[in-house]
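Undergrad: Below are the structure tokens for one structure; questions will follow.
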Amino acid sequence: MRNTIWRWTLYKFAVMVVSTILNKFDCFIMVEGGTGIGKSTFSWQVAFAISREFKRLYRLDEERINYYYERIGKKQGLSPQEFVDKILELKKKKAYHFNPYKDLIYSQDAMQNALASWNRIVLPDEAINVVFNRDFFSQKQKDIIKELNMMRDHCNIILSSVPSFMTVDNQVRNLTKIRITIKKRGIAIIHLPNKTIYCKDKWDAQFNEKIERQWIIKKVVNPNYSKLTTFRGILRFPAMSRLHEKIYQDIKNKKRASILKDELHIDLKQEEDAEEKLIDRLLKGGIKNMQVIEGLALANAEDFDTVRNRIRKKLVERGVNPIISSYFWDKKAKNKEGDLSASIID
């Protein structure tokens, strides 16, 4: 049975996503992998493939209309005309038209606005400041998780890129329809959650971790991924065209610069170092909590721990206390309140 699902193409993957959406479900996809390995490229290619498939439907391509009607519309009890009317209604709304200038997002505000919208393709690129599971994550992150739960009937397609799937919030993992692991450039492994009733972990993390550990111990070069209980196939995808690469880089640079300026209050001049400016603010008591450092990591598409450790090292080089939280102004305010209360009691 599994041999039939080993090889996927971008087109087949797009058809699966379109079928999910036409069946009145949202489609939340998590794409994981190391920096520069092709997460954004995969999401970009899939977004355009989905958009092209909807354009075929909007042209009322007979082959495509019949394909989705037989698999989706008929099961919903729709007549052929009712199904066509449904497609034309989506066309009228300009649904699932991928516009990278609008749909490639980096900030929490943009993510919240996207979740509140209907029938969109959205790419939260390097979403480390949105769905990571940290003790100090912000109220906005909590709100985003609530929106992911509440607005699933908005039928949005979300292709969210993260360094590691297992480090995102547990609620977000449970909401994920498809997990994509980019092993190397051009190679994506497709995972789908197991259909469970009692088991809380649909991704079977403990069992699959044991299998993976055996590969590590035995130094297996080419693992048999079909042994993983969530494995559904391998997809090969091409690199971006030069034109698309340029468009993507331009959008990314502009939006990251906007995050630094508007959300982190770091307005860089030429050849200035964002981390050095952040440390200057930190030492002056101008930073409230760890969210600013998370945002800097997001803006630079880096792992939070990497940026935090680098800032600690720079604090040591300056000959000051390397504990970042000791400089937060909200913590200082609480300490002053405690000192004041103690003096009153005395």
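Undergrad: Hey, any hits in segment 178-197 for a residue that's out of contact with any strand residue (DSSP E or B) (no Cβ under 9 Å at 6 or more places or on another chain), β-branched (Val, Ile, Thr) and at pLDDT 90 or above? Give the derivation first.
TA: Pass one, segment 178-197, residues out of contact with any strand residue (DSSP E or B) (no Cβ under 9 Å at 6 or more places or on another chain): 184-185, 194-197.
Within this subset, residues satisfying the condition of being β-branched (Val, Ile, Thr) are 196-197.
Still in the list and also at pLDDT 90 or above: none.
Scanning segment 178-197 turns up no residue that is out of contact with any strand residue (DSSP E or B) (no Cβ under 9 Å at 6 or more places or on another chain), β-branched (Val, Ile, Thr) and at pLDDT 90 or above.
Undergrad: How many residues, within segment 25-40, are over 10 Å from Ser161 (Cα atoms) and either polar (S, T, N, Q) or not assigned by TED's automatic domain parsing to the domain that holds Glu147 (or both)?
TA: So the answer is 1.
Undergrad: If you don't mind, another one. Kindly establish whether Lys210 is among the charged types (D, E, K, R) and touching a residue at least 12 places away in the same chain (Cβ under 8 Å).
TA: Numbers: among the charged types (D, E, K, R): yes; touching a residue at least 12 places away in the same chain (Cβ under 8 Å): no.
In short, no.
Undergrad: Let me ask something else about it. Enumerate the pairs (first residue in segment 166-179 and in contact (Cβ under 8 Å) with a residue 24 or more places away in the chain; second residue anywhere and part of a strand (DSSP E or B) and among the hydroxyl-bearing types (Ser, Thr, Tyr)) with beta-carbon separation below 9 Å, excluding pairs fewer than 6 apart on the same chain, so at least 6 apart or on different chains.
TA: Val168/Ser160; Val172/Ser160; Thr176/Ser160
Undergrad: Can you name every residue in segment 52-95 that is surrounded by 13 or more Cβ atoms within 10 Å (Cβ to Cβ), among the basic types (Lys, Arg) and outside any loop (DSSP other than H, G, I, E, B)?
TA: Arg52, Lys55, Arg56, Arg64, Arg71, Lys86, Lys91, listed by residue number.
Undergrad: Being buried (at least 19 other Cβ atoms within 10 Å of the Cβ) and either modelled with pLDDT of 85 or more or of a type outside the set (Val, Ile, Thr) (or both) is the filter; apply it to segment 288-302 and report the residue that is nearest to the chain's Cα centre (by Cα).
TA: Checking each candidate, the answer is Leu298.
Undergrad: Oh, and also: Given Tyr106, Tyr96, Tyr67, Tyr101, which one is modelled with pLDDT under 85, more than 24 Å from Asn174 (Cβ to Cβ) and not β-branched (Val, Ile, Thr)?
TA: Working: Tyr96 fails: modelled with pLDDT under 85; Tyr67 fails: modelled with pLDDT under 85; Tyr101 fails: modelled with pLDDT under 85.
Sole residue among the options that is modelled with pLDDT under 85, more than 24 Å from Asn174 (Cβ to Cβ) and not β-branched (Val, Ile, Thr): Tyr106.
The values are calculated or read from the model by the stated rules, or taken from the named source; none is laboratory data. In this text the structure is predicted, and so the values were computed from the model without any measurement. FYI the Cβ positions are ideal-geometry reconstructions off the backbone, even for glycines, and counts take in every protein chain you see.
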